[in-house]
1. Which of the residues spanning the range 36-58 are surrounded by 14 or more Cβ atoms within 10 Å (Cβ to Cβ) and among the aliphatic types (A, V, I, L, M)?
2. Working only within the range 15-35, note down all residues that are open to solvent by 80 Å² or more (accessible area, probe 1.4 Å) and in a helix (DSSP H, G or I).
3. Name the single residue that is nearest to the chain's Cα centre (by Cα) among those in the range 80-105 being of a type in the set (Phe, Trp, Tyr) and modelled with pLDDT under 90.
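The values are calculated or read from the model by the stated rules, or taken from the named source; none is laboratory data. Here the structure is a predicted model, which is why all the values come from computation and not from measurement. All Cβ positions, glycine included, derive from the backbone under ideal geometry; neighbour counts span all protein chains shown. What goes into the accessible areas is simple: the full protein's heavy atoms, side chains included, and nothing from ligands, DNA or RNA. Shrake-Rupley method; radii C 1.70, N 1.55, O 1.52, S 1.80 Å.
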Amino acid sequence: IKPNVVAPGAEMRSTVFVDGFSIYPEASGTPISASFMCGVAALVISSNPKLKRRVRDVVEILHHAARPIPSLECASLIATPNNLYGYGFVDAYAAVQRALEFPYGDCPIQPVALDNCKTTSYSQLDI
């Protein structure tokens, strides 16, 4: 499924320095969305440093914290994830809340009956 999640990327205010002065033009496109996603990922990791270098877990947190956007386009029926919006609209607050719940070691975020938490990572669970 692509995209994984969607983020704001149309008519967003940006900062540009011109001749020593700041101006705030509107900008659109992937560079704006990518910057937004990087910021959300940074918030997730800074809220729980145990997620540092755990890219797969951060991605899963972002997926499962996204607000679903059902769509009838792209043959997705009304399910999420779909090929138009992925898992949905990135939700920074929900992602940080999930990150704060992320436990020590490799145990999953939500309680699941496991014989050995160290052998099952969060990204392997269907939450």
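1. Within the range 36-58, Met37, Val40, Ala41, Leu43, Val44, Ile45, Leu51, Val58 qualify.
2. Correct list: Thr30, Pro31.
3. So the residue we want is Tyr85.
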